[in-house]
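J.: I have a structure here, written as structure tokens, and I will follow up with some questions on it.
The values are calculated or read from the model by the stated rules, or taken from the named source; none is laboratory data. Quantities reported herein were computed from a predicted structural model and do not represent experimental measurements. A quick note on method: Cβ atoms are made from the backbone with ideal geometry, for glycine too, and the neighbour counts reach across all protein chains shown.
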Amino acid sequence: MPGLANHVALITGGGGEIGSAIALRLAQEGAAVMLGDLQLDKAEATRDKIAAMGGRAESVQLDVASPESCEAAVNATISSLGKLTTLVNVAATITPDGTVETLSFEQWNAAISVNLSGVFLMCKYSVPHLRRVGGGTIINIASQLGHIGVQYRSPYCTTKAGLIFFTKILAQDHAFDNIRVNSISPGFILTERSSKRVGGKDKARKINGPRHLLNRPGEPEEIAAGAAFLASDDASFITGTDLLIDGGYVTFKGRMLPDGITKMI
Ligand SMILES: NC(=O)c1ccc[n+]([C@@H]2O[C@H](COP(=O)([O-])OP(=O)(O)OC[C@H]3O[C@@H](n4cnc5c(N)ncnc54)[C@H](O)[C@@H]3O)[C@@H](O)[C@H]2O)c1
């Protein structure tokens, strides 16, 4: 039996690169998958890939900033796939850079409403269904930048740090419901979205790779492997934790060069 047979997963941001890698991996391990995304065409593309490899998947338009949309996506999962055992919160909005003087209140609120309130809402509507089947798993995709703050990026870093802490409280609130709640903090993962900031994937490899102990950016499939583990019974004693899959980004402070000088990053 595959590791996630009889699991039904709802993945927000399931049309994005990391979301779609997670969906494919969970489906490979036997889970049925609902893909929710603001960009329905992307969610449908992931759904079609899963169907082509013989898996079971559906897609739904989802805006995690809207309570009605979150509730509808959870209900669509139950009506089309029968139940919910696993919620994976991947969706995040692209946040602007700036300081408190240059960022508008609307920009700040937009980051909070998608990256943080969106997860709150998805959990709110999912927990009753997870409890109904005797328990389940919630996995929140946070970030290495929820551990290490970066100048001018307060909307992103603050929401991701908040998500790591929200995860810990949710784990406590629902431990007796047999719902395990964990987050994953990826390092720099080579996706279109993250590479755009530095001018493309080649530049991102060069600039961001050396910021990791392993001297390279990560791949979406490496995050998917962690999500599949946390969703499985192999992680049955793991809750309330944050799994850094960051190639040593958070640990890394500098690199010893051949001439013996440590270069600080
Ligand atoms: N790529 C990285 O380096 C990196 C590093 C750390 C953490 N992360 C996190 O991983 C996640 C995925 O990142 P990615 O690089 O795959 O990005 P991506 O842009 O490929 O995927 C994000 C998806 O979320 C969807 N989305 C955005 N707003 C939404 C909303 N309101 N409702 C529903 N869906 C919405 C987008 O349409 C997109 O498909 C994000 O949470 C991101 O913060 C990424």
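J.: Would the range 192-205 turn up any residue that is surrounded by fewer than 16 Cβ atoms within 10 Å (Cβ to Cβ) and closer than 15 Å to Ser20 by Cα?
T.: Looking through the range 192-205, at least one residue is surrounded by fewer than 16 Cβ atoms within 10 Å (Cβ to Cβ) and closer than 15 Å to Ser20 by Cα.
J.: Next up: Every residue in the range 116-172 that is touching a Lys or Arg at 6+ places or on another chain (Cβ under 7 Å) and either at pLDDT below 95 or not in a helix (DSSP H, G or I) (or both), please.
T.: Val133, Thr137, Ala142, Ser143
J.: List pairs: first in the range 146-166 and of a type in the set (D, E, K, R), second buried (at least 17 other Cβ atoms within 10 Å of the Cβ) and part of a helix (DSSP H, G or I), Cβ under 8 Å, 6+ apart or cross-chain?
T.: Arg153/Leu145; Lys160/Asn115; Lys160/Leu145; Lys160/Gly146
J.: Kindly list, by first and then second residue, each pair from a residue in the range 182-199 that is within 27 Å of Lys168 (Cα to Cα) to a residue that is more than 7 Å from the ligand (Cβ to nearest atom) and among the aromatic types (Phe, Trp, Tyr), limited to pairs with Cβ atoms under 6 Å and residues at least 6 apart or on different chains.
T.: Gly187/Tyr249
J.: If we scan the range 185-194, do we find a residue that is at negative phi, more than 11 Å from the ligand (Cβ to nearest atom) and not polar (S, T, N, Q)? Give the derivation first.
T.: Applying the first criterion (at negative phi) to the range 185-194 yields 185-194.
From the residues that got through so far, the ones that are more than 11 Å from the ligand (Cβ to nearest atom) too are none.
No: the range 185-194 contains no residue that is at negative phi, more than 11 Å from the ligand (Cβ to nearest atom) and not polar (S, T, N, Q).
J.: Please enumerate the residues belonging to the range 10-47 that are near the ligand (Cβ under 6 Å from one of its atoms) and surrounded by fewer than 24 Cβ atoms within 10 Å (Cβ to Cβ).
T.: Answer for the range 10-47, where residues must be near the ligand (Cβ under 6 Å from one of its atoms) and surrounded by fewer than 24 Cβ atoms within 10 Å (Cβ to Cβ): Glu17, Leu38, Gln39, Lys42.
J.: Still on this structure: Do we have Ala111 as touching a Ser or Thr at 6+ places or on another chain (Cβ under 8 Å), at pLDDT 95 or above and within 15 Å of the ligand (Cβ to nearest atom) here? Write out each step before concluding.
T.: On the way: touching a Ser or Thr at 6+ places or on another chain (Cβ under 8 Å): yes; at pLDDT 95 or above: yes; within 15 Å of the ligand (Cβ to nearest atom): yes.
Considered against the rule, which asks whether it is touching a Ser or Thr at 6+ places or on another chain (Cβ under 8 Å), at pLDDT 95 or above and within 15 Å of the ligand (Cβ to nearest atom), Ala111 comes out as yes.
J.: Then there's this: Kindly list the number of the only condition in (1) surrounded by fewer than 18 Cβ atoms within 10 Å (Cβ to Cβ); (2) under 18 Å from the mean Cα position of the chain (by Cα) that fails for Val127.
T.: (1)
J.: Same structure again: Looking at Leu4, is it near the ligand (Cβ under 9 Å from one of its atoms) and at negative phi? Write out each step before concluding.
T.: Working: near the ligand (Cβ under 9 Å from one of its atoms): no; at negative phi: yes.
So Leu4 does not fit the description; no.
J.: Let me ask another. Please specify each residue of the range 114-149 satisfying the condition of being closer than 25 Å to Gly247 by Cα and more than 16 Å from the ligand (Cβ to nearest atom).
T.: Thr137
J.: Give the residues of the range 98-111 that are part of a helix (DSSP H, G or I) and surrounded by fewer than 18 Cβ atoms within 10 Å (Cβ to Cβ), sorted by residue number.
T.: Phe105, Glu106, Gln107, Asn109, Ala110
J.: Residues to consider are Asn89, Asn115; find the one that is touching a residue at least 40 places away in the same chain (Cβ under 8 Å), out of contact with any Phe, Trp or Tyr (no Cβ under 8 Å at 6 or more places or on another chain) and closer than 16 Å to Leu163 by Cβ.
T.: Numbers: Asn115 fails: out of contact with any Phe, Trp or Tyr (no Cβ under 8 Å at 6 or more places or on another chain).
Asn89 is the lone residue from the list that is touching a residue at least 40 places away in the same chain (Cβ under 8 Å), out of contact with any Phe, Trp or Tyr (no Cβ under 8 Å at 6 or more places or on another chain) and closer than 16 Å to Leu163 by Cβ.
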